[in-house]
Amino acid sequence: MRLADVLRKEHIMLNLKSKEKKELLGEMVTFLCENIEELDRDEAYAALLKREALGTTGIGHGVAIPHGKLKCVDRVTVCFGRSNNGVEYDSMDSQPVHLFFLIVAPENSAAAHLKLLASISRLLKSTDFREKLMSLESSTEIFRLIMESDIQYGFH
């Protein structure tokens with residue numbers, strides 16, 4: 001599974017307002033619920049908090065990949081968010097997070113879920129890619145960059 005398979009342009013948030021982790025997760029889940037009818041906000045939020053309790057999904061370099069498995073969804077979905085000011089996220093490097101790839105997945109999707117996490121992590125290792133995500137002005141430009149980069153460098 002590649003990022004190009006599960007991210008839609010409508011699931012890109014450019015101006016996250018939250019200042020801390022729980023608020024940010026709520027902001028992104030609420031946005032995603034407006035776009036995915038079967039997604040239950042409370043269940044999704046609880047699943048994300050449960051996963052964070054196991055250890056932060058803030059992987060460093062201004063990046064976090066919050067994720068959770070849910071009974072109420074039948075397919076993996078990704079939402080991208082960007083915070084220009086940064087979010088206090090308890091990241092591994094103790095730095096604020098600016099780039100978020102939030103993943104919601106069905107409970108029985110372990111293999112696909114892990115491949116997707118690996119694919120996103122691989123893309124985000126590139127300083128150039130992260131800088132471009134921060135500098136682009138529109139969701140269309142960001143979506144195009146993610147799709148082109150995922151096809152070029154992602155798992156096939």
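Taking every residue in the range 118-141 that is closer than 20 Å to Met13 by Cα and pairing it with any residue that is outside any loop (DSSP other than H, G, I, E, B) and β-branched (Val, Ile, Thr), at least 6 positions away or on another chain, the pairs with Cβ-Cβ distances below 6 Å are Leu124/Val63; Leu136/Ile142; Ser139/Ile12.
Among the residues of the range 21-60, those that are under 25 Å from Ser126 (Cα atoms) and in contact with a strand residue (DSSP E or B) (Cβ under 7 Å, 6 or more places away or on another chain) comprise Lys21, Leu24, Met28, Thr57, Gly58. Looking only at the range 1-31, residues that are modelled with pLDDT of 95 or more and within 15 Å of Pro66 (Cβ to Cβ) come to 16 in all. The set of residues in the range 119-137 that are in contact with a Leu (Cβ under 8 Å, 6 or more places away or on another chain) and assigned to a helix (DSSP H, G or I) comprises Ser119, Ile120, Leu123, Leu124, Phe129, Arg130, Lys132, Leu133, Met134. Entry remark, the range 31-56: residues being closer than 23 Å to Glu10 by Cα and among the polar types (S, T, N, Q) number 1 in total. Look at the range 40-67: where a residue is touching a residue at least 60 places away in the same chain (Cβ under 8 Å), no partner that is β-branched (Val, Ile, Thr) and surrounded by fewer than 17 Cβ atoms within 10 Å (Cβ to Cβ) sits 6+ places away or on another chain with Cβ atoms under 7 Å.
Listed by position, the helices (runs of 4 or more DSSP H) enclosed by the range 1-118 that each have at least 1 residues that are farther than 25 Å from Ile151 by Cβ are 21-35, 41-54. Answer yes or no as to whether Gly62 is touching a helix residue (DSSP H, G or I) at 6+ places or on another chain (Cβ under 7 Å), small (Gly, Ala, Ser) and either under 17 Å from Glu20 (Cα atoms) or modelled with pLDDT of 95 or more (or both). Taking the combined requirement at face value, the residue satisfies it. What about Gly26, is it under 15 Å from the mean Cα position of the chain (by Cα) and in contact (Cβ under 8 Å) with a residue 24 or more places away in the chain? No: the conditions fail for Gly26.
On the basis of being surrounded by fewer than 20 Cβ atoms within 10 Å (Cβ to Cβ) and β-branched (Val, Ile, Thr), does Thr57 make the cut? Considered against the rule, which asks whether it is surrounded by fewer than 20 Cβ atoms within 10 Å (Cβ to Cβ) and β-branched (Val, Ile, Thr), Thr57 comes out as no.
Among the residues of the range 10-42, the ones that are within 21 Å of Ala112 (Cα to Cα) and not aliphatic (A, V, I, L, M) come to 2 in all.
The values are calculated or read from the model by the stated rules, or taken from the named source; none is laboratory data. Computed from a predicted model, the values in this text were never measured in an experiment. In this analysis, Cβ positions are derived from the backbone assuming ideal geometry, glycine residues included, and neighbour counts consider all displayed protein chains.
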